[in-house]
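FYI, it's all coordinate maths here, none of it is from the lab. Only a predicted model underlies this, so the values are computations on that prediction, with no experimental measurement involved. Counting neighbours? That spans all protein chains shown, and the Cβs are built from the backbone with ideal geometry, glycine included.
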C-alpha cells in the first residue's frame, strides 16, 4: 500500500468522524431547542419523548469513541493529525453532555408542570436560545477550523453567565415573596443551571478547536460572569 493511498484512507476516515460530529451536534442543539419548547408548553408527553431520544446521541458518542480508538491504533497519527483525531473524542464528550443536560431540563419540566406557572419561566427562552447558538457556532468553528470564531464563542460565554445570574436573582426574589413556590422554584434554578453549563461545554468545544488549529491552549483565562455565588 503506497503512501498516497494511506493518506487518502486516513483523510476519508477523518471526514467520516467529522460527519459524525456534525450529526451529533445537530441532534444535541435540536434536543436543547425542543427542551425549551416542552418547558413552555408544559407538555409531559413531549418531555418523555425528548428524554427517550437522548439514547441516539449516546449511541453516536459511543460510535465516535470506537472509531477514534481504531484510528489511533491503525494509523498512529502524529502532530496535528493526532490533535485532529483526539479532539473528536473530547468534542463528542462535550456534545453528549449537552444532550444529557437538555434531557435533564425535560425531566425537571415534568416536575414544574405539577405546580402553577412561575413568572420567571418567561426568562428561560433567551437563555436557551443563546446556549443553542453558542453550541451550534462552536461546532461550526470546529468543522471549519475557524479559530477566530472559536475565540468569539469562548468570549460570549460571559453573556450566558449574565443572563443566568439575572434569572437566578429573579427566582430568588420570587421564592422570598411566596414560600409555597420554593420547591418549584428550586427545580427552575436547576434548569437554569443546566443551561448555563451547556455554555461551558460550547466553550470547551471552542477551546478544542483553537488547540487543533494552533497546537496550544488559550493563554488567558476565560471570562466568567456568573455572580450567583457572591
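Key figures
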read-out: Over the chain: helical MRE at 222 nm, DSSP H runs n ≥ 4 each giving -39500 (n - 2.57), nearest 500; value: -30000 deg cm²/dmol
read-out: For semi-axes √(5λ) of the Cα gyration tensor in Å, calculated from these coordinates, the label among [x] 26, 22, 22; [y] 41, 18, 15; [z] 38, 20, 11; value: [z]
read-out: Computed E for residue 69/residue 151 - FRET, C-beta separation, R0 35 angstrom, nearest 0.05; value: 0.70
read-out: Difference of contour (0.36 nm per residue) and Cα-Cα distance, residue 42 to residue 129; value: 29.5 nm
read-out: The chain: relative contact order as a whole-number percent, Cα under 8 Å and 6+ apart; value: 26 percent
read-out: Cα long-axis angle, helix 124-144 against the chain (0 to 90 degrees, to the nearest 10); value: 0 degrees
read-out: Cα long-axis angle, helix 147-177 against the chain (0 to 90 degrees, to the nearest 10); value: 20 degrees
read-out: Cα gyration tensor, segment 81-122 - rounded (a/c under 1.5), prolate or oblate; value: prolate
read-out: Label-point separation in nm, residue 186 to residue 221, each point 7 Å along Cα→Cβ; value: 3.2 nm
read-out: Between helix 79-112 and the chain: long-axis angle, C-alpha atoms, 0 to 90°, nearest 10; value: 20 degrees
